[in-house]
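Heads up, the thing below is written out as structure tokens.
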């Protein structure tokens, strides 16, 4: 086990190494749609790339979720199999809609798995971005 400070340092090293290994400007929050963003996440068990739809107004959040869901087969062509949850509850209790891909059995705390996580991140985020750019006009038309 790591102390809290050691864990924070490893996380910082991980994200720095990822940025240096794959220096690229990702879309992430720059979707031009408020509260509609792509995210990287890694912990001690898995790595994830997600599309988070975080509008407070449930009507808008559901409308964007349904737009993405209507493109399910096309999204699968870009990112492979994925998970979806219309009412995903974050640790802070906030309800969002989330569509994500994950890689199990990797850890941000194991430097031997970093390259595997980095490659997963690049492949899947690139797929999400290509999907978004391809269908951006349709998605934004809510």
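Quick notes
- Filter result (more than 19 Å from residue 125 (Cα to Cα) and in contact with a helix residue (DSSP H, G or I) (Cβ under 8 Å, 6 or more places away or on another chain)) within the stretch 39-63: 55
- Flag for residue 114 being in a helix (DSSP H, G or I), surrounded by 13 or more Cβ atoms within 10 Å (Cβ to Cβ), touching a helix residue (DSSP H, G or I) at 6+ places or on another chain (Cβ under 7 Å) and in contact (Cβ under 8 Å) with a residue 60 or more places away in the chain: yes
- Meets criteria (touching a residue at least 40 places away in the same chain (Cβ under 8 Å), surrounded by fewer than 16 Cβ atoms within 10 Å (Cβ to Cβ) and outside any helix (DSSP H, G or I)) for residue 56: no
- Scope the stretch 30-53; condition touching a residue at least 40 places away in the same chain (Cβ under 8 Å), surrounded by fewer than 21 Cβ atoms within 10 Å (Cβ to Cβ) and under 11 Å from residue 101 (Cα atoms); matching residues: 40, 46, 48
- Every pair of residues 6+ apart whose Cβ atoms lie under 7 Å, when the first sits in the stretch 1-23 and is on the phi < 0 side of the Ramachandran plot while the second is in a loop (DSSP other than H, G, I, E, B) and surrounded by 11 or more Cβ atoms within 10 Å (Cβ to Cβ): 2/109; 7/109; 10/2; 10/108; 10/109; 11/108; 14/108
- Residues that are exposed (fewer than 14 other Cβ atoms within 10 Å of the Cβ), assigned to a loop (DSSP other than H, G, I, E, B) and touching a residue at least 12 places away in the same chain (Cβ under 8 Å), drawn from the stretch 59-104: 80, 81, 94
- Matching residues, the stretch 34-53, being in contact with a strand residue (DSSP E or B) (Cβ under 9 Å, 6 or more places away or on another chain) and either at pLDDT below 95 or part of a loop (DSSP other than H, G, I, E, B) (or both): 35, 45
The values are calculated or read from the model by the stated rules, or taken from the named source; none is laboratory data. It should be emphasised that the depicted structure is a prediction, and the values quoted were computed from it without experimental measurement. Glycine also receives a Cβ, built like all others from the backbone with ideal geometry; neighbour counts cover every protein chain displayed.
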